[in-house]
1. Kindly identify segment 1-51 as rounded, prolate or oblate by the Cα gyration tensor criterion: order the square roots of the eigenvalues as a ≥ b ≥ c, call it rounded if a/c is under 1.5, otherwise compare a/b with b/c, prolate if a/b is larger, else oblate.
2. Taking a ≥ b ≥ c as the square roots of the eigenvalues of the Cα gyration tensor of segment 295-538, is the shape rounded (a/c under 1.5), prolate (a/b larger than b/c) or oblate?
3. State the antiparallel share, in %, of DSSP beta bridges confined to the chain, rounding to the nearest 5.
4. Would you please give the FRET efficiency between residue 438 and residue 383, computed as 1/(1 + (r/R0)^6) with r the Cβ-Cβ distance and R0 = 35 Å, to the nearest 0.05?
5. Need the full-extension length gain, residue 310 to residue 72, defined as separation in residues times 0.36 nm minus the C-alpha distance. One decimal, nm.
6. Provide the percentage of antiparallel DSSP beta bridges, counting only those with both residues in segment 3-235; round to the nearest 5.
7. Have a look at the DSSP beta bridges in segment 295-538 and tell me what percent are antiparallel, nearest 5.
8. Provide 396, 412, 221 in ascending order of the number of other Cβ atoms located within 10 Å of each residue's Cβ, fewest first.
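Every number here is computed from the coordinates shown, using simple stated rules; none is lab data. Quick caveat, the model's predicted, so the values are computed rather than measured. Cβ placement follows ideal geometry from the backbone for every residue including glycine, while neighbour counts extend to all protein chains displayed.
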Ligand code: SPV
Ligand code: MG
């Protein structure tokens, strides 16, 4: 239903209806949410929120601008307090057309002269408009409206200006004859006697609207029984806000902290809600091009690294310095350079010694008696977010960003990076995760995808195709499955010491395809003092 029609219904309703004052978008929405069926955009509060006087100091187009925000923020009709119509008949015509364009349902104009001032400031000194001239404003406004349901309420200021009931009735009659859709009868008395006397004599010739600001103590039932059409609560929201703002400003100024105010003010989230922030998020989903799935990283860094001796007496291996920066900081930089900034590190040995900023931490308290699988389970458990791809790597492996870029290009659920230079590790007799794949590294592997078959530390040399560097990418879609598998495996008796290559083999056993990306070099596993030295030139 059109807002104009809804306002007409309020005006014609046999019940006493109410309008609540609002002066900007958020107060209008608050009024609607409270259950009001209509809004009074009052001149007093609209000008006050701009910090100026209710004397046409804010231009009518500035009022119009704010009205547009109010109409956009609400679904209920707005009655504008249009003061005197901002001029003569010509200004009223233009006003009516502009109000219709901005979705305003009705306007109230008062029989005074431009520039007007508020009725409660020396009201009896205020000059009323010539009746005929004011009627020309009404007629021009009615002729200008494009929508038949748009309403023009005319406000009789006879009581305010110190005239009596007869003058009020004479004027109301003339305005009614000129086409006014309802009379707003205003009074500055502390009792409702003037408006009640008018209502009795007017005898229902047209709907009568009142503003009980000064006679606020009169019970609402009195208005109901008198048969008024609408009562306007004309300034209470802004007055309430003023008290709250004054108290809050003084408190913050005095205390220079937010402790005592924080719980007494609306949470920021409430502002978001009133602004309709969630609708924008939904719209972004609908309209914006889908961004590449974002990624996060999980770094397993629980072990001490005893082979480094004194170097790890007061810090875990991942905090050993390479070129003046902890190993972990090099790893974080490589992730950051690949656009991955959300990083979770699983700590174990001397957790408080790992304190790089902008990282979240999970602690494997049992690190001394467990192995990588338990740390992985611990890290996965600490971050239940499955909306991003996950990269897993070790806190003692430094690498070039190239490795991450190669992984990022895969669209597989599971992908690992395998170094083709595995002979060196075999020759040096160091423990390494060897893998056997669907095909060895060759030119062919460039155009035919390679998948993992087995991973172990003790593969027979003739079935080794490479060495796994500990990098694994799990797609967001596969993460729930991956979590399940890790949890099941970690819960098995005897798996407390399980290494990650066992997880790889378990994935294959469960029918998952684990994509293999062959590379040569570009990474370094820090296992010994020699490695620390070598890392200096690598980094
Ligand atoms: C307003 O709210 O701006 C009004 C009502 O016009 S009053 O302030 O009582 O004049
Ligand atoms: Mg006003």
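1. Prolate, because a/c is 1.5 or more and a/b exceeds b/c.
2. Rounded, since a/c falls under 1.5.
3. Of the beta bridges lying entirely in the chain, close to 35 percent run antiparallel.
4. Once the sixth-power term is evaluated, E becomes 0.60.
5. Here the answer is 78.8 nm.
6. Here the antiparallel bridges make up roughly 5 percent for segment 3-235.
7. Counting DSSP beta bridges with both partners in segment 295-538, the antiparallel share is about 50 percent.
8. 221, 412, 396
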